[in-house]
Amino acid sequence: MRNIYAITALAMVIAMLGGLAAFIFLNRGEELASCSQSTIAGGAGAIGGPFELVDETGATVTDTDVITEPTLVYFGYTFCPDVCPLDSARNAEALDALAENGVDASALFISIDPERDTPEVLAEFTDVMHPKMLGLTGTPEQVKAASQAYKTYYKRQPGEDDYYLVDHSTFTYLVLPEKGFVDFFRREATVEDITKTVACYATTS
């Protein structure tokens, strides 16, 4: 049964990627466009936008409060058995590599499972990953609004009590303060890929 869920989720992600191409406009300057590692160039206003969520202290924050430097944005959940921890660890490694090269950057882990991912649970998860990774949650409505802004997909699967899985997309988004979304990374992107791309945007933006 779990294989069926995985196949369904994969099909949804592939379909979403096709839709993503239709939403993004090629309106970046030549310098920023040259930084892209993805086959789909980013466009202002197509992906991302304002959001209001709850941070690890329980405080309500907006996108402008938490995106103050180049930021890797990932939508996942802490009870994820494999994908989310691996992707988050890779993003954390990229932050370290960027710091070694003199580039300040941070990461957001936005939960798509607000029922279980309380601020306290997110704090434990991100503290293990990286000191510059911040967990965000919120009401189901707040999470849905943020997810829709970034064109992500998630769906809770049937399960008993607190034991259930959530299918979700696995893109990591690069967001710059004031400029917004500029690029994204698939699961197969390496630490080196992310480091090179973020550094390029950071130095040319």
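The values are calculated or read from the model by the stated rules, or taken from the named source; none is laboratory data. Owing to the predicted nature of the structure, the values given are computational and were not obtained by experimental measurement. Heads up, the Cβs are rebuilt from the backbone with ideal geometry, glycines too, and the neighbour counts pull from every protein chain shown. These accessible areas exclude ligands, DNA and RNA; they are computed on the full protein's heavy atoms, side chains included. Shrake-Rupley method; radii C 1.70, N 1.55, O 1.52, S 1.80 Å.
The single condition among (1) open to solvent by 20 Å² or more (accessible area, probe 1.4 Å); (2) under 21 Å from Ala105 (Cβ atoms); (3) in contact with a strand residue (DSSP E or B) (Cβ under 9 Å, 6 or more places away or on another chain); (4) at pLDDT 95 or above that Thr126 does not satisfy is (1). Note on the range 74-117: residues that are assigned to a loop (DSSP other than H, G, I, E, B), under 26 Å from Ala202 (Cα atoms) and in contact with a strand residue (DSSP E or B) (Cβ under 9 Å, 6 or more places away or on another chain) total 1. Just so you know, in the range 87-123 the residues that are among the polar types (S, T, N, Q) and farther than 17 Å from Thr170 by Cα include one that is most open to solvent (accessible area, probe 1.4 Å), and it is Asn101. Counting the residues of the range 155-170 that are touching a residue at least 12 places away in the same chain (Cβ under 8 Å) and open to solvent by 50 Å² or more (accessible area, probe 1.4 Å) gives 4.
Looking at this structure, is Thr152 touching a residue at least 12 places away in the same chain (Cβ under 8 Å) and either closer than 29 Å to Tyr201 by Cα or surrounded by 14 or more Cβ atoms within 10 Å (Cβ to Cβ) (or both)? So Thr152 fits the description; yes. Against the numbered list (1) open to solvent by less than 50 Å² (accessible area, probe 1.4 Å); (2) free of Cβ contacts under 8 Å to residues at least 60 places away in the same chain; (3) out of contact with any Ser or Thr (no Cβ under 8 Å at 6 or more places or on another chain), Cys80 comes up short only at (2).
Yes/no matrix, rows are residues, columns are (1) more than 19 Å from Arg90 (Cβ to Cβ); (2) among the aliphatic types (A, V, I, L, M):
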| site | (1), (2) |
| --- | --- |
| Asp117 | yes, no |
| Val121 | yes, yes |
| Met129 | no, yes |
| Gly138 | yes, no |
| Ala146 | yes, yes |
| Tyr150 | no, no |
| Arg156 | yes, no |
| Asp162 | yes, no |
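Residues of the range 169-184 being among the aromatic types (Phe, Trp, Tyr) and in a strand (DSSP E or B), which ones? Correct list: Tyr173, Phe181, Phe184. Check whether at least one residue in the range 129-139 is open to solvent by 20 Å² or more (accessible area, probe 1.4 Å), hydrophobic (A, V, I, L, M, F, W, C) and without any contact (Cβ under 8 Å) to a residue 60 or more places away in the chain, and report yes or no. Yes: one or more hits.
Taking the criterion of being in a loop (DSSP other than H, G, I, E, B), among the basic types (Lys, Arg) and modelled with pLDDT under 95, the only residue of the range 129-158 that qualifies is Lys151.
Has the range 185-203 got any residue that is open to solvent by 20 Å² or more (accessible area, probe 1.4 Å) and part of a strand (DSSP E or B)? No: zero hits. The single condition among (1) surrounded by fewer than 22 Cβ atoms within 10 Å (Cβ to Cβ); (2) touching a helix residue (DSSP H, G or I) at 6+ places or on another chain (Cβ under 6 Å) that Pro70 does not satisfy is (1).
For the range 62-75, the condition of being modelled with pLDDT under 95 and over 18 Å from Phe184 (Cα atoms) holds for none of the residues.
In the range 140-149, the qualifying residues are those that are small (Gly, Ala, Ser) and touching a strand residue (DSSP E or B) at 6+ places or on another chain (Cβ under 7 Å), and the one that is surrounded by the most Cβ atoms within 10 Å (Cβ to Cβ) is Ala146.
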